[in-house]
1. Can you compute 3J(HN,Hα) from phi for each residue in the stretch 180-193, using the Karplus curve 6.51 cos²θ - 1.76 cosθ + 1.60 with θ = phi - 60°, rounded to whole Hz and x for Gly and Pro?
2. Gap in Å between the Cα centre of the stretch 42-70 and the Cα centre of the stretch 143-193?
3. Run the numbers for T158 and Y125: contour at 0.36 nm per residue of separation, minus the present Cα-Cα distance, in nm.
4. How much space per residue, in cubic angstrom, does the convex hull of the C-alpha atoms of the stretch 106-193 take up?
5. Give me the extension gain from E69 to D30: residue separation times 0.36 nm, minus the current Cα-Cα distance, reported in nm with one decimal.
6. Which loop trypsin sites (Lys or Arg not before Pro) in the stretch 102-173, with loop taken from DSSP, have no more than 16 other Cβ atoms within 10 angstrom of their Cβ?
7. Among 105-118, 33-46, 7-20, what's the highest-first ranking by average C-beta atoms within 10 angstrom per residue?
8. Going Cα to Cα from K133, which lysines come in below 25 Å? Please leave out same-chain ones fewer than 8 positions away.
Amino acid sequence: MAKVRLRPKYSPEELKEVYASQYDHTRWTDHVERIQFTINFSVQNLPTPVYHITDLSCGDAAIANGISESLFSLGDTAVPPSLILGDFVGGYDYQGVIEDTINEISNTDLFILSETLEHLDNPEYVLSQIRKKTSYLVLSTPCNETLGNPEHYWKWGTSDVAFMLEEAGFTPIAFSYLEFPELDVRYQLWMVK
């Protein structure tokens, strides 16, 4: 499958409407499962300890907190990592459009981009900017999406995401799928360096 643009870029006013409420992963059972799967996948596949985690997933930091707690309890990190989040609505260290806020973020050991890439007008640019700032990236995104989410700009397959990651300068370390047949949805998870 080739990468497919699903809709034109939203205006700032439309973005405020589309993202009118803050994300809370506990509202949906499949989100809770996806968060835990991503935490486990990350902890199992990180080749070195991490001391600083940056989460630009427009979420509620559940993945970053879960990784931090797991690594800290295993003794694989010296201090709990600081969390940096971007979102369209309040409460986070960095707010605004990710394509802009990414430039304000300092370097980090591990960058998390969970179910966010498909929301971005220019995913290639964001991946190239993340590459400049991190040793490792955990990426989760739908694979050949079928839900028609109005927040998503893109639909792509595994080879499309692999190509974007490689073009940004990343090298894959680990890959996995998480499937929800009852929802007719499949997610691809990447650990890259």
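1. Whole-Hz 3J(HN,Hα) from phi for the stretch 180-193: 10, x, 5, 9, 6, 9, 9, 10, 10, 10, 10, 10, 10, 10.
2. 18 Å
3. Stretched fully, the T158-Y125 segment lengthens by 10.0 nm.
4. Normalising the Cα hull of the stretch 106-193 by residue number yields 83 Å³.
5. Between E69 and D30, full extension yields 11.9 nm more.
6. Answer in residue order: K132, K133.
7. 105-118, 33-46, 7-20
8. K193
Any read-out appearing in this document is the output of simple, stated calculations on the displayed coordinates, not a laboratory observation. As the structure is a prediction and not an experimental result, all values here were calculated from the model. Counting neighbours? That spans all protein chains shown, and the Cβs are built from the backbone with ideal geometry, glycine included.
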